[in-house]
Every structure is written in C-alpha cells, then in structure tokens.
Amino acid sequence: MSNLNSDIRYLKGFGEKKAAILYNMGIDTIGALLRFCPRAYTDLRNVCMIKDAKTDEKCAVKAKIITPVTEQFIRKNMTLFKFNVSDGRDIMTVTLFNAKFLAKSLHEGSTYIFYGKLSLGTYLYAMSAPEIYESENNSIIPIYKANEKLSSRMISKLMKTALNTDIIEDTLSEEIRRKYGLCPLKTALDNIHFPKSAEALNVAKKRLVFEELLILEVSLTAIKNKKQFNSGYVLKADKTKEFLSLLPYTLTNSQLSAISECMNDMTSGKVMARLIEGDVGSGKTAVAACLMYNVCKNGYTCAIMAPTEILAQQHYNTLKSIFANTDIECCLLTGSLSKSKKESIKEELKSGKYGIAVGTHALITENVEIKNLALVITDEQHRFGVEQRSKLASKGKNVHNLVMSATPIPRTLGLIIYGDLDISIINEYPKGRQKIESYLVTSKYHTRIYNYIKKHIEEGRQGYIVCPLVEESENTENLLSAEQYFENLKNGEFKNYRLGLLHGQMKPKEKEKVMLDFKQGLIDVLVCTTVVEVGIDVPNATIMVIENADRFGLSQLHQLRGRIGRGKFKSTCIFVSDSDSKSTKERLKVIVDNFDGFKIADEDLKLRGPGDFIGKRQHGLPEFKIADIFADKDILFTAKKAADNLLESDPKLSKTENLPLKKEVIEFYRKLN
C-alpha cells in the first residue's frame with residue numbers, strides 16, 4: 001500500500017538512482033511527482049498530409065521511411081542523421097542531431113508519426129529534430145521539463161507507475177468540489193498527465209489550479225486571522241465629515257472609499273492591518289490625514305514613518321497645513337536634528353503633547369515612547385523591512401497598522417504578496433492633476449531634447465534626466481553613467497545652467513541637500529538615477545527625460561514619470577531607447593499610451609512574470625506548479641472567496657472532510673517560511 005506522502009524510493013520500479021535524480025528536482029514523494037505537471041503537450045490526434053501542413057508551425061505528419069538513415073559527421077560533438085519519408089503523395093527530409101540511439105531504432109519501410117515544424121526547402125519539404133512516435137499513436141502526449149539524466153519519456157513512464165498508487169486521497173471535500181464544479185483529484189491527475197481529450201485536460205487543469213490557489217489563500221488568510229487581535233483603541237466617534245470641511249478641495253470617490261474601509265476596521269474592535277495602494281499623486285496622504293484626524297479626535301495619537309528625511313519633512317509640512325486651525329499638534333523627528341532637540345521631542349512624545357509624530361527611522365529607536373499610540377502609518381512600505389515596521393507598531397499595544405504604497409501592484413499579485421493585509425485601492429486622480437504627455441524617441445533626438453529642456457527652464461520650470469547607472473561599467477557598452485552624463489552636460493550643452501547630481505551611492509546628507517536645493521528651485525536640471533522614484537513633490541518640475549528606458553520595468557518607468565505633472569503646468573516625459581527589439585518597442589509603447597498605473601502593472605506582470613516584477617524587495621512568493629496568476633486570475637479571486645467561506649465555517653480545518661486540505665496547507669506554510 002502506498003499513498004501520496006510515500007517516499008518515491010518505495011514506488012515499484014524506481015530504484016535509488018532515479019529517486020536521487022528526482023530528489024535533486026525537488027520531488028521527494030509520490031504526491032510531489034504527480035503534481036510535477038507537463039510543461040506542454042504533443043497532440044497526435046490530428047495527423048495531416050505533408051502538403052496540408054502549415055510551414056513553421058508544429059504539426060503531426062504520418063509517413064513511411066523510404067531511404068536508409070545516413071550518418072554524417074559535421075564537427076566535434078555534432079553528428080547528423082538524415083533520411084526521407086513519404087506520405088504516399090509528397091516526400092519530406094528528416095534530420096536528427098546527435099540522436100544515434102533514436103536513429104538506430106528507426107527502420108526503412110516502417111511508418112511513424114513525425115511531430116515538429118515543417119519547412120520548405122529548395123526541392124523538398126523538411127523537418128528538423130522532430131519527435132517521433134509509433135504510427136498508431138493517436139493520443140495527447142505529455143512533455144515534461146527534463147534534463148540529461150531523465151528524459152521526458154522516462155518521466156512519462158514513471159508517472160504511469162505513480163498513477164497506479166493504491167490510495168489517492170482527495171484534498172478537497174465533496175461539498176467544495178460540487179460547489180465549484182471540480183472533478184475528483186484522481187480524475188484530475190490522470191488527465192493532466194495523460195488527457196483523454198482537450199476537454200478532459202481543461203477540466204483537470206481547472207481542478208488543480210483551483211486547489212493550488214485555494215491552498216495558497218487558506219494559508220495567507222489563516223496568517224491574517226492569526227494576526228487579528230482585539231484592539232485597545234476602538235474609535236467611538238467618526239469625525240470624517242468634520243475633517244473634510246477642513247480641506248479646500250473635494251476628495252475623489254476612491255479616497256472616500258479607502259477612508260470608509262479603514263474607519264470600518266478601526267471601529268470594529270479588531271486591529272486594522274491594511275494596505276492603501278495608489279499611483280503617485282492619487283491622494284494617499286489626504287486619506288492618511290483623515291484617519292489621523294479621527295484617531296486624535298478620539299483621544300489617541302499617531303505616528304507616520306517615511307523612508308527619507310525630505311519626504312518626512314514634506315509630510316510634516318502637509319499635515320501642519322491641514323491641521324493649522326485645529327488643536328492637533330505635529331512634531332518631526334529625524335536623524336539630522338540636534339541631540340538636544342531630539343531629547344526635547346522625545347520627552348514631549350512621552351507626555352502625549354503631540355497628536356501626530358512624523359519621522360524617519362529615528363521613530364523606531366529604543367528610547368522613543370509615544371503615549372496612547374493607536375495608529376502607525378508606513379509610507380512607501382517596500383523601503384522598510386518587516387522588522388522596522390514591527391518596531392514602530394511595538395511602540396503601542398495592538399495598534400492599528402496602515403501601509404501606503406505608490407507602486408501599483410496587479411490585484412492578482414497583491415492577493416499573494418499582501419495576503420495578510422486587507423487592500424484598499426485608490427484608482428482615481430484628484431481634479432486638476434495634469435496628464436503627462438509621453439514620447440518614445442531614439443538618441444538621435446538628443447539635440448532637440450536638450451533644446452526642449454532649455455525651453456522649459458527659460459519659462460521658469462525645472463526638469464529631471466534619469467540614467468540607469470551610477471558609474472561606468474565594462475558590461476554596459478554604450479550606456480553613459482549618471483556621473484559621466486552629468487559631467488558631459490555641465491561642460492557642454494548645459495554649461496550655462498544650474499545642474500545637480502543625485503544617486504544612491506551618495507551619503508544621506510548629500511542626497512538630502514541636493515533634493516532640497518532642487519525643491520527650492522536652486523537647481524534647473526537634476527541628473528539622477530532611480531533614487532528619485534520615491535522622492536519629493538516638486539510642482540515646478542515639468543519635464544523628465546529617461547535615458548535607456550528599455551533597461552527599466554514598466555512600473556518603474558511609471559513611478560519615475562509620476563515625479564512630474566504635480567503642479568498646474570503642462571508636463572512632458574521623454575523615453576529614450578535605441579533598442580531594435582520589436583518586443584521592447586511594444587513594451588515601451590504601453591507606457592507611452594497609458595497613464596493608469598494598474599493597467600501598466602498588469603502589462604508588466606504579463607511581460608516579466610511575478611518574480612521579476614517584485615524583484616528583490618519581496619520574499620516568500622510561492623512557486624506555482626500549475627497556476628498562472630495572470631491567466632488564472634478569475635480562479636484566484638474565486639479561490640480567495642472559497643478560502644474566506646471555508647475558514648469562517650471551519651477556522652482550524654478540524655472537520656473530518658477538511659483534514660486532507662489541512663495537511664496540504666501545513667506543508668505549504670512550511671515551505672513558505
């Protein structure tokens with residue numbers, strides 16, 4: 001007797017050698033082997049005549065070998081095997097590369113199915129390196145990710161053995177399968193590996209994708225539920241209308257919706273754990289200000305942490321302006337303050353003098369105490385580690401936690417990355433926000449670009465030039481570094497203008513000074529790297545040039561572009577790329593034609609995949625065996641609802657019918673951590 005959790009060593013006909021190869025592939029149990037899904041399929045059901053096949057598309061041709069297989073030595077490590085085949089009407093030349101064993105198994109006069117891309121030679125049709133099958137084979141053949149030691153055909157044979165396992169316990173209860181129209185696990189596994197038809201394959205895939213995403217969502221929802229504590233800071237009075245009367249402008253429906261969702265959390269008795277996600281300039285700060293006003297008017301205090309001193313200063317100035325005619329006091333705590341000033345502010349925070357503490361990492365030092373802290377807000381959350389955010393929250397007990405991000409993340413990816421947070425999305429721009437004109441040009445336009453920048457400067461405006469590199473690199477031919485670019489412009493085209501240089505390798509105080517000088521209008525053009533991606537609000541900056549735009553992701557380009565168009569003046573962003581790649585041009589066209597960060601993020605996810613999309617900022621993203629979070633996003637949302645319903649009725653998955661699912665969730669959680 002064997003089941004899905006049995007070690008593959010004990011499967012009939014396996015042996016230690018094959019088991020060792022599979023171990024190296026991350027496959028250690030029968031269940032893991034059965035969930036090693038094919039990467040593609042070869043469909044032999046519809047064979048065609050040679051003449052009817054479309055060239056350069058994969059097809060299945062049934063034909064008889066009509067000439068001997070000849071061997072031709074080309075060079076070291078390259079031997080060709082050639083022969084002709086006929087379907088009774090036309091002739092096709094078949095070429096095999098270094099396939100001696102296969103070539104020897106083929107017999108003149110025998111009929112086979114040849115599967116591959118057909119091309120039209122000078123006189124004959126040709127097919128190179130086709131897959132070759134017995135002539136009576138009319139099935140859908142699985143193709144597995146293979147290696148030198150274990151071919152796809154060998155894996156296929158192992159899979160047939162594994163599918164004869166005595167016990168394949170279904171992970172999902174009969175109730176879940178019936179509710180969501182899913183086939184049993186045994187049926188799904190049989191048909192994902194050896195589908196009886198295209199329809200059977202689709203049914204199997206739907207079942208396995210749903211199960212994989214359900215396990216993911218149950219795990220993340222369980223983590224979130226585990227973190228849900230009763231809050232000691234329940235807001236009794238909703239002062240939102242009072243706050244709105246302080247503003248000289250009207251909030252968008254998206255902003256009002258985000259406020260409502262947050263207020264529901266903070267009045268529920270549970271701790272709020274929420275992410276507010278919205279484009280640069282979409283008004284997240286106004287939402288945060290409303291929540292802070294509510295917290296302060298309920299007798300508690302708040303803290304907001306920003307990644308840089310200049311951004312913290314910007315928040316401080318904004319909040320001071322909004323709350324100028326109220327009794328709410330703000331303070332600013334940063335590393336650059338004098339020791340005596342820091343100590344003074346710390347004492348006042350401890351006494352409860354300030355309703356709002358704004359700061360940088362200085363807020364999370366051990367000797368900072370904040371009386372009645374009920375709400376902590378982290379701006380540009382990806383710039384902080386989990387530990388830093390936790391330290392700020394630890395200044396109070398079971399405080400409400402709000403995270404703000406200007407990096408639009410596709411909703412599908414958000415459900416995974418931020419599965420332990422509730423998400424509010426702001427997808428509207430406040431009235432008066434300028435639409436940025438965007439253009440894609442080659443470096444041949446540099447003279448015109450520089451003249452256009454000068455025109456903006458002469459009108460009293462400022463601009464950015466973004467470079468992908470800080471210093472020269474041997475591996476990046478034809479790419480000017482920010483430093484070199486700065487020197488060239490300073491001594492050339494812009495020698496009569498005020499230039500600034502900003503990059504991540506500068507000391508924090510140097511960066512702060514340059515950014516402040518730019519904000520105060522002391523710099524005309526800021527030559528910089530992506531360090532400005534999370535920057536300051538400079539309404540007077542109206543032009544941005546991004547060099548070698550093909551080296552950036554779409555979402556990053558959108559983030560950079562969001563630094564301009566923040567005032568009343570018309571703004572322009574120019575993307576420069578000399579790439580001849582068709583796919584690169586299509587990708588950059590997306591950013592030129594779109595200004596919606598979420599649409600751009602979706603395209604970025606589709607083009608680059610989730611791992612590249614997130615980069616090094618996020619960890620713990622699971623590796624999917626069959627699900628595709630873009631193609632299967634509808635199933636993901638259904639699985640999310642199913643997970644919520646399941647945990648509501650059986651929070652610990654302790655019911656008998658849910659125990660198999662619980663095992664999978666525990667295993668998934670173990671791998672995630």
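Observations
- Entry remark, region 184-213: residues being closer than 24 Å to ARG153 by Cβ and hydrophobic (A, V, I, L, M, F, W, C) number 9 in total.
- Meets criteria (closer than 18 Å to THR42 by Cβ, at pLDDT 90 or above and outside any helix (DSSP H, G or I)) for LYS196: yes
- Members of region 568-582 found to be under 19 Å from SER555 (Cβ atoms) and without any contact (Cβ under 8 Å) to a residue 24 or more places away in the chain, listed by number: none
- Criterion (closer than 16 Å to LYS454 by Cα, assigned to a loop (DSSP other than H, G, I, E, B) and open to solvent by 10 Å² or more (accessible area, probe 1.4 Å)) met by exactly one of LYS568, LYS495: LYS495
- Out of LYS82, LYS64, LYS54, sole residue that is open to solvent by 70 Å² or more (accessible area, probe 1.4 Å), more than 16 Å from ILE132 (Cβ to Cβ) and not β-branched (Val, Ile, Thr): LYS54
- Residue tally, condition of a type in the set (A, V, I, L, M) and either outside any strand (DSSP E or B) or under 30 Å from MET506 (Cα atoms) (or both), over region 263-281: 5
- Selection count, region 23-50, where residues are touching a strand residue (DSSP E or B) at 6+ places or on another chain (Cβ under 8 Å), touching a residue at least 40 places away in the same chain (Cβ under 8 Å) and not hydrophobic (A, V, I, L, M, F, W, C): 6
- Residue within region 282-297 that is assigned to a loop (DSSP other than H, G, I, E, B) and modelled with pLDDT under 90 present: yes
- Residue in region 318-327 that is free of Cβ contacts under 8 Å to residues at least 40 places away in the same chain and buried (at least 21 other Cβ atoms within 10 Å of the Cβ) present: yes
- Applying the criterion of at least 1 residues that are open to solvent by 20 Å² or more (accessible area, probe 1.4 Å) and at positive phi to the strands (runs of 3 or more DSSP E) found wholly in region 121-191 leaves an empty list.
- Put simply, of GLY283, GLY299 the only residue that is crowded, with 21+ Cβ neighbours inside 10 Å and in contact (Cβ under 8 Å) with a residue 60 or more places away in the chain is GLY283.
- Cβ-Cβ under 7 Å pairs, at least 6 apart or on other chains, region 163-190 side over 22 Å from ILE8 (Cβ atoms), far side open to solvent by 30 Å² or more (accessible area, probe 1.4 Å) and among the hydroxyl-bearing types (Ser, Thr, Tyr): TYR180/THR638
For (1) open to solvent by less than 40 Å² (accessible area, probe 1.4 Å); (2) part of a strand (DSSP E or B); (3) more than 17 Å from GLU131 (Cβ to Cβ), each residue gets a yes or a no:
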site	(1), (2), (3)
PRO38	yes, no, no
CYS59	yes, yes, no
PRO68	no, no, yes
GLU71	no, yes, yes
ILE74	no, yes, yes
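- Of all residues in region 13-29, those being among the aliphatic types (A, V, I, L, M), part of a helix (DSSP H, G or I) and under 31 Å from the mean Cα position of the chain (by Cα) number 1.
- When region 588-601 is filtered for residues that are at pLDDT below 90 and surrounded by 17 or more Cβ atoms within 10 Å (Cβ to Cβ), the ones remaining, listed by number, are PHE595, GLY597, PHE598, LYS599, ILE600, ALA601.
- Close contacts from region 623-639, counting a first residue that is open to solvent by less than 80 Å² (accessible area, probe 1.4 Å) and a second that is at pLDDT 85 or above and not in a helix (DSSP H, G or I), with Cβ to Cβ under 6 Å and a gap of 6+ residues or different chains, come to ILE626/CYS37.
- LYS341 vs. criteria modelled with pLDDT of 90 or more and under 25 Å from ILE536 (Cβ atoms): yes
- Within region 76-97, the set of residues being part of a loop (DSSP other than H, G, I, E, B) and in contact with a helix residue (DSSP H, G or I) (Cβ under 9 Å, 6 or more places away or on another chain) comprises ASP87, ARG89, ASP90.
- Residue check for LYS104: more than 25 Å from GLU212 (Cβ to Cβ), of a type in the set (Lys, Arg), at pLDDT below 95 and open to solvent by 20 Å² or more (accessible area, probe 1.4 Å): yes
- The residues of region 498-549 that are of a type in the set (A, V, I, L, M, F, W, C) and open to solvent by 40 Å² or more (accessible area, probe 1.4 Å), listed by number, are LEU516, LEU522.
The values are calculated or read from the model by the stated rules, or taken from the named source; none is laboratory data. Keep in mind that what you see is a predicted model, and the values were worked out from it rather than measured. Backbone-built Cβ (ideal geometry, glycine too); neighbour counts: all protein chains shown. When the accessible area is computed, the model is the full protein with side chains, heavy atoms only, and any ligands, DNA or RNA have been set aside. Shrake-Rupley method; radii C 1.70, N 1.55, O 1.52, S 1.80 Å.
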